[in-house]
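Working notes for the structure below.
The values are calculated or read from the model by the stated rules, or taken from the named source; none is laboratory data. None of these values were measured; they are calculated from a predicted model. Reconstructed Cβ throughout: ideal geometry from the backbone, glycine too, with neighbour counts over all protein chains shown. The accessibility values were calculated without ligands, DNA or RNA, using every heavy atom of the protein model including side chains. Shrake-Rupley method; radii C 1.70, N 1.55, O 1.52, S 1.80 Å.
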Amino acid sequence: MKVAVPKETYPGEQRVALIPANLPQLVRAGMEVMVESGAGVGAGFDDAQYEENGATITTDRTAIFAADVVVQVRTLGANQKAGRDDLPRMKAGGVVLGTCDPLGEPAAANDVAETGASLFSLEMIPRITRAQSMDVLSSMATIAGYRAVLLAAVELPKMYPMLMTAAGTLTAARVFVIGAGVAGLQAIATAKRLGAVVRAYDVRPACREQVESLGGRFVELKLETEQSEDKGGYAKAMDDAFYARQRELMAEVVAESDVVITTAAIPGKTSPLLITAEAVAGMTAGSVIVDMATERGGNCALSKADERIVEHGVVILGPTNLPAEIPNHASQMFSNNVTKFLLNLVKDGAVEMNLEDEIIRDTLVTHSGQVVHGRVRELLGLAPLAAPEAEKPASEAEKPAPEPEEPAAEAEGPAPETNETAELDPDPDTPVTTGESSTDVAKEGSE
Ligand code: NAD
């Protein structure tokens, strides 16, 4: 069974989906690895290192896409222009896996479906314990949070740490991190390591402890946040009045900060606007904002994707591909995640589409010529699939009529509201990344 690694073609993308160190594991599991010449160079891995670890190198991109499984950092959807060149190379019955933004770019998923290839979206990996080692979103958010703090440090006309020198005392920079998820927590940790005084805010009250454990101070805002978290641990979208009040209360903290890093996101939705133009005007000239949410609308009214804006003397950055700026470690993490995913997908040297496995089920976007992911179909205006037997988890497809001794609750009762619900949910269309509970999605699908 051949697994192939193409060179990434998204502008500025330096990462590679598999690094040489992971190849022996894949080879031991019965996979042959083929790498497009130069695929790892941007991340610091040359062809010779891949060869030493068991790969064959080719310059023929068409041969790469003829493999049984193609692994990419960004496949079509997450690489809208250049990724299109690979469409004619994708083959019916083949597997393509990578980030592909199926909720943001569902039409691209449809294009892949037409090739007959099976597309796995790494963004859709469910956030369950068993899948933690495959979670590319967390890996890349870790890198991005770190990088954002460094970008701000370079722009800031001050140093981060407090220094008492013969030439006087320099006060520490004040960093405010908005959104304390994976990226935000890494930003807090990084800014602390550099000596800044760090404050942070998140709508999820559970974040307080995590912020404090990193040495940050949790900012108290008089907002009603009890209902701000869904069952999956993600933030829920709040109403306009909530965000208006949040902006108002936060403006003071923003004004007092030298650096503001915003990471606030609602899965599958536009990011909330948290820093207005007026709030920017209230900051001291020379301050820096790094808006990590620009790809989904941005948390700052003045930020623009991949631009450096200066307003009222405040520098506003809107980077959209921070992990690509630390390509070696980003590739190492991505590759470890992909390797774990492959080892779960490939059994006895062949791809096993085991749809009883929610990791496989939730990430599968296209199969047998059609989009099979319920949420993506919905976005495309396609009717829900009539769940062909092959698409159903075997347990559901083959389950005989309930035995009389089977407890009724197990056969048809509502799913219990526990963390295990997501793991046991038999709905093949349940993307945990939507931020909706699996039960909600199941209900929607049946309407
Ligand atoms: P994310 O990227 O979706 O959002 C970033 C942060 O923004 C979140 O913490 C969110 O609460 C926050 N936010 C949203 N609206 C806000 C607002 N108006 N003001 C301030 N903050 C706001 O989130 P993420 O980093 O992907 O992680 C979200 C949760 O998932 C966290 O609890 C994290 O620990 C958890 N998680 C679990 C697993 C796992 O179990 N395998 C893996 C990764 C993350």
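Table for the structure above
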read-out: Meets criteria (open to solvent by 20 Å² or more (accessible area, probe 1.4 Å) and touching a strand residue (DSSP E or B) at 6+ places or on another chain (Cβ under 7 Å)) for VAL365; value: no
read-out: Qualifying position, being more than 30 Å from GLN132 (Cβ to Cβ), aromatic (Phe, Trp, Tyr), open to solvent by 20 Å² or more (accessible area, probe 1.4 Å) and within 10 Å of the ligand (Cβ to nearest atom), among TYR234, TYR243; value: TYR243
read-out: Failed item in (1) at positive phi; (2) under 25 Å from the mean Cα position of the chain (by Cα), with GLN80 passing the rest; value: (1)
read-out: Residue pairs meeting the criteria (Cβ under 7 Å; at least 6 apart or on separate chains; first in contact (Cβ under 8 Å) with a residue 60 or more places away in the chain, in segment 196-220; second away from the ligand (no atom under 13 Å from the Cβ) and open to solvent by less than 40 Å² (accessible area, probe 1.4 Å)); value: ALA196/TYR160; ALA196/ALA172; ALA196/ALA173; ALA196/VAL175
read-out: Selection status of ALA148, outside any loop (DSSP other than H, G, I, E, B), among the hydrophobic types (A, V, I, L, M, F, W, C) and either within 15 Å of the ligand (Cβ to nearest atom) or open to solvent by 30 Å² or more (accessible area, probe 1.4 Å) (or both); value: yes
read-out: Single unsatisfied condition, ILE289 versus (1) within 16 Å of the ligand (Cβ to nearest atom); (2) on the phi < 0 side of the Ramachandran plot; (3) under 21 Å from the mean Cα position of the chain (by Cα); (4) not hydroxyl-bearing (Ser, Thr, Tyr); value: (3)
read-out: Residue match in segment 105-119 (condition: assigned to a loop (DSSP other than H, G, I, E, B) and touching an Asp or Glu at 6+ places or on another chain (Cβ under 9 Å)); value: no
read-out: Residue satisfying condition, being assigned to a loop (DSSP other than H, G, I, E, B) and within 25 Å of ARG308 (Cβ to Cβ), within set MET159, MET238, MET140; value: MET159
read-out: Selection from segment 107-130 of residues that are within 9 Å of the ligand (Cβ to nearest atom) and buried (at least 22 other Cβ atoms within 10 Å of the Cβ); value: ILE125, PRO126
read-out: Tally, over segment 23-73, of residues that are of a type in the set (S, T, N, Q) and surrounded by 23 or more Cβ atoms within 10 Å (Cβ to Cβ); value: 1
read-out: Some residue of segment 13-22 being open to solvent by 50 Å² or more (accessible area, probe 1.4 Å) and of a type in the set (Val, Ile, Thr); value: no
read-out: Selection within segment 162-184 - open to solvent by 30 Å² or more (accessible area, probe 1.4 Å) and either more than 9 Å from the ligand (Cβ to nearest atom) or part of a loop (DSSP other than H, G, I, E, B) (or both); value: MET162, LEU163, MET164, THR165, ALA166, ALA167, THR169, LEU170, THR171, ARG174
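Conditions tested, residue by residue: (1) modelled with pLDDT of 95 or more; (2) within 30 Å of ALA29 (Cβ to Cβ); (3) assigned to a loop (DSSP other than H, G, I, E, B); (4) acidic (Asp, Glu).
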| position | (1), (2), (3), (4) |
| --- | --- |
| SER303 | yes, no, yes, no |
| PRO323 | yes, yes, no, no |
| ALA330 | yes, yes, no, no |
| SER335 | yes, yes, no, no |
| ILE359 | yes, yes, no, no |
| ASP362 | yes, yes, no, yes |
| VAL365 | yes, yes, no, no |
